[in-house]
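Below is one structure, written out as structure tokens; comments come after it.
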Amino acid sequence: GEEQNPTPLQEYDDLISTLPLDEGWLPVRLRKYQGSWFPELNLPGVIAIQQHFKARPTDLFVLSFPKAGTTWLKALTFAITTRTQHPLAHHPLHSLNPHQCVVTMDRIFALGQASTIEAMPSPRILSTHMPFSLLRDSIEGSGCRIIYVCRDVKDVLVSWWHFNDKMRPPEMDRVPFAKALEMFCEGICPSGPIWSHVLEYWEESLRRPEKVLFLKYEEMMEEPMSHAKRLAEFMGCPFSLEEEREGVVEEILKLCSFEKLRNLEVNKTHKRDAVHLAKFDSLFRKGKVGDWRNHMSPEMARKLDEITQQNFKDSGFTV
Ligand code: A3P
């Protein structure tokens, strides 16, 4: 029959309406909650996760700042962990978008569908863009594993700016890039500010390296093979010598590659639903390192780099 349209959670609406609002990224309305900005539509989910969600020891979390490489990491973790269940030639990733294979909890909880996450059999792969400080109580002590991906801050901004633009109705003006940069520098973007988001996960990866794997998009692009193997080991399903000989690692990388995913029928559509607000085709734009050079003047880049250095300088974290 017809798919029922889920009813969004309303119990936090009063609280949310009192939070600072920013409309500079319209059509996305952002609210500031516990130090970070969130799309208003997802915020009920973030609060519900904090109040109700408890991780299982077997859970694996795919975490990121939006536009840092979430889709790719979802595809890789899903393909690697399910490789023996599904022959790669007939893998679900051929017909499903990676976000349908690994769910983003924020949206599901915002739609009042937490029970679907409870009903998932272990081991689950779950995802969110929540900062570690907001997620901590839900996962602390559970023993679950976390994989976090970060990306050059300048490329994140460019990617987000394009992505936001794809959501814009035709009658709405496009956000000028200079204004986008200004807002981003003030931390105003989904899950922003980016610097504390990255640092909190990086510091946690230093505290608990056996449970928190911290990755960089640029390094993954540079050396996909070693990263696929590292992911598999971290997730407790290392590639066997035989698999390596048979080229399984290469096959997985090919299946999860930007070109391959982008050209699949499912990912070429403007398809979206209540859970997946982004049109699937808008998740695959360019997939390159350093596209910021085509959008920023040297002064713009310098300004953003300086803010990044300022934010990272006491931590020892290097980009
Ligand atoms: P660009 O806009 O720079 O192209 P997220 O998945 O976190 O929303 O991030 C989206 C960014 O990752 C986009 O960057 C997108 O093109 C890129 N991307 C998506 N799938 C990818 C893949 N399989 N490999 C590499 N990059 C990918």
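The values are calculated or read from the model by the stated rules, or taken from the named source; none is laboratory data. Here the structure is a predicted model, which means the values were calculated and not measured. In this analysis, Cβ positions are derived from the backbone assuming ideal geometry, glycine residues included, and neighbour counts consider all displayed protein chains.
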Check your understanding: Among the residues of segment 62-80, how many are under 17 Å from Ser257 (Cα atoms), in contact with a strand residue (DSSP E or B) (Cβ under 8 Å, 6 or more places away or on another chain), more than 6 Å from the ligand (Cβ to nearest atom) and in contact (Cβ under 8 Å) with a residue 60 or more places away in the chain?
Key -> 2
Practice item. Could you tell me whether Arg230 is farther than 28 Å from Ser122 by Cβ, surrounded by 13 or more Cβ atoms within 10 Å (Cβ to Cβ) and either out of contact with any Ser or Thr (no Cβ under 9 Å at 6 or more places or on another chain) or modelled with pLDDT of 95 or more (or both)? Key: no
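Which of the following residues is closer than 15 Å to Gly45 by Cα and surrounded by fewer than 20 Cβ atoms within 10 Å (Cβ to Cβ): Ser133, Ser115, Ser142, Ser122? Quick ask: steps written out before the conclusion?
Values: Ser133 fails: closer than 15 Å to Gly45 by Cα; Ser142 fails: closer than 15 Å to Gly45 by Cα; Ser122 fails: closer than 15 Å to Gly45 by Cα.
Within the list Ser133, Ser115, Ser142, Ser122, the selection yields Ser115.
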Study note, to complete from the structure: Flagged in segment 283-307 as buried (at least 17 other Cβ atoms within 10 Å of the Cβ) and under 30 Å from Val102 (Cα atoms), in numbering order, are Leu283, Phe284, Gly287, Asp291, Trp292
Study note, to complete from the structure: Heads up, the helices (runs of 4 or more DSSP H) in segment 81-166 (entirely inside) with at least 1 residues that are touching a Ser or Thr at 6+ places or on another chain (Cβ under 6 Å) and touching a residue at least 24 places away in the same chain (Cβ under 8 Å) are 98-101, 105-110, 153-166
Review point. Can you pull out the helices (runs of 4 or more DSSP H) entirely within segment 171-235 that have at least 1 residues that are within 17 Å of the chain's Cα centre (by Cα) and among the aliphatic types (A, V, I, L, M)?
Key: 194-207, 217-222, 224-234
Review point. Counting only residues that are among the basic types (Lys, Arg) and part of a loop (DSSP other than H, G, I, E, B), which one in segment 270-318 is farthest from the chain's Cα centre (by Cα)?
Key: Lys313
Exercise for review: Tally the residues that are surrounded by 15 or more Cβ atoms within 10 Å (Cβ to Cβ) and either within 19 Å of the chain's Cα centre (by Cα) or under 10 Å from Asn97 (Cβ atoms) (or both), restricting the search to segment 260-269.
Suggested key: 5
